[in-house]
1. If you scan the range 140-158, which residues turn out to be in a helix (DSSP H, G or I), under 16 Å from residue 203 (Cβ atoms) and either in contact with a helix residue (DSSP H, G or I) (Cβ under 7 Å, 6 or more places away or on another chain) or touching a residue at least 24 places away in the same chain (Cβ under 8 Å) (or both)?
2. Given (1) over 20 Å from residue 133 (Cα atoms); (2) without any contact (Cβ under 8 Å) to a residue 12 or more places away in the chain; (3) in a helix (DSSP H, G or I), where does residue 161 come up short, assuming only one miss?
3. For residue 129, are the conditions met, namely being over 21 Å from the mean Cα position of the chain (by Cα) and either closer than 21 Å to residue 91 by Cβ or crowded, with 19+ Cβ neighbours inside 10 Å (or both)?
4. Working carefully through the options 59, 40, 50, find the one that is at pLDDT 50 or above and within 12 Å of the chain's Cα centre (by Cα).
5. Of the residues 184, 214, only one is modelled with pLDDT of 95 or more, out of contact with any helix residue (DSSP H, G or I) (no Cβ under 9 Å at 6 or more places or on another chain) and assigned to a helix (DSSP H, G or I); which?
6. Return the residues of the range 123-139 that are assigned to a helix (DSSP H, G or I) and touching a residue at least 24 places away in the same chain (Cβ under 8 Å); say none if nothing qualifies.
7. If you check residue 112 against the conditions, is it surrounded by 20 or more Cβ atoms within 10 Å (Cβ to Cβ) and more than 22 Å from residue 80 (Cβ to Cβ)?
8. Take the conditions out of contact with any strand residue (DSSP E or B) (no Cβ under 8 Å at 6 or more places or on another chain) and under 22 Å from residue 86 (Cβ atoms) and apply them to residue 153. Does it pass?
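The values are calculated or read from the model by the stated rules, or taken from the named source; none is laboratory data. Keep in mind that this is a model prediction, so the values were computed, not measured. Neighbour counts are summed over all protein chains in view; Cβ atoms, including those assigned to glycine, are modelled from backbone coordinates with ideal geometry.
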């Protein structure tokens, strides 16, 4: 049996003011300079258009729009972090396969997997170093900034090379599910690293321009 309790006028007034915020109070706290999610998303989409894989870039970074806002440093740092996560997953995947291959008869496949794992491990270290360097960045208008971003660009480029080298040993391995899985995953990881490098390059260029402009003032 449902029991109905009458609502007092005072309680109805309480509900009205709590469930229907007063517009004037909301507008008083509004900051016109605050970046809305749509603006941040547009910034990410436009920035990703400069990468080799813009759709993948946007899909992987748009979920971080609230954290990135319209900050190119945060964008590059987030992209590097995403590529690091992908490289780590790749390393774990190849590690599991290499342990299984050790019990197999195909020595070429086993050797290729071990070499791939070593290369991906190097890539993980280089991307991690890049991410740590991005977290320590100083003022873009300084010589130290150019040095730090040079490190990031060098390490990310090296990581991309190591990821490409991962699959070199599979040229002599017969076609099969294992080879296909490794090569497809490696190709996917390379796309994330390539995008992250492109965004880091873009941010480094902006910082260098700022430095040069300040010197010419």
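1. Passing the criteria: 145, 146, 148, 149, 150, 151, 152, 153, 155, 156, 157.
2. Condition not satisfied by residue 161: (1).
3. no
4. So the residue among 59, 40, 50 that is at pLDDT 50 or above and within 12 Å of the chain's Cα centre (by Cα) is 59.
5. Of 184, 214, the one residue that is modelled with pLDDT of 95 or more, out of contact with any helix residue (DSSP H, G or I) (no Cβ under 9 Å at 6 or more places or on another chain) and assigned to a helix (DSSP H, G or I) is 184.
6. Across the range 123-139, the qualifying residues are 123, 124, 126, 127, 128, 129, 130, 131, 134, 135.
7. Taking the combined requirement at face value, the residue satisfies it.
8. Yes: the conditions hold for residue 153.
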